[in-house]
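Below: one structure, written as structure tokens.
Each reported figure results from applying straightforward, stated rules to the coordinates on display, with no laboratory input. Nothing here was measured: the structure is a model prediction, and the numbers come from that model. Backbone-built Cβ (ideal geometry, glycine too); neighbour counts: all protein chains shown.
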Amino acid sequence: MPPQQATSSTITPANDDQTQRDKKLSALRASIESLQSQITETETQIAQTKAKLNNDPSTTVKRHIRLLHEYNEIKDIAQGLMGLIADARGVRQVDVQREYGLDDRD
């Protein structure tokens, strides 16, 4: 019997390793393209959302903080007045709050 000669269709370990690397490289390239597409889509969504905002986010936060300060000042004054009413009537402040429809969390 004559010895077999290697043909181009024979897969050698080196060719098999190269094929595996090529498959991995192809899969990684496809993954990179997919991720780049997601990044582009996300950036577009961010730009659209920013365009819908009425104000700059930092301006909105500053306004919110200012309104919270005003609310707290008004609340402190209201509690002080209810304390004065409670003292004048000789009752607890909680009783005055309940009379005006406020509970402990208000």
Looking only at the stretch 66-106, which residues are within 39 Å of the chain's Cα centre (by Cα) and in a loop (DSSP other than H, G, I, E, B)? GLY101, LEU102, ASP103, ASP104, ARG105, ASP106
Restricting the stretch 37-89 to residues that are closer than 29 Å to ASP104 by Cβ and polar (S, T, N, Q), the residue that is surrounded by the fewest Cβ atoms within 10 Å (Cβ to Cβ): ASN72
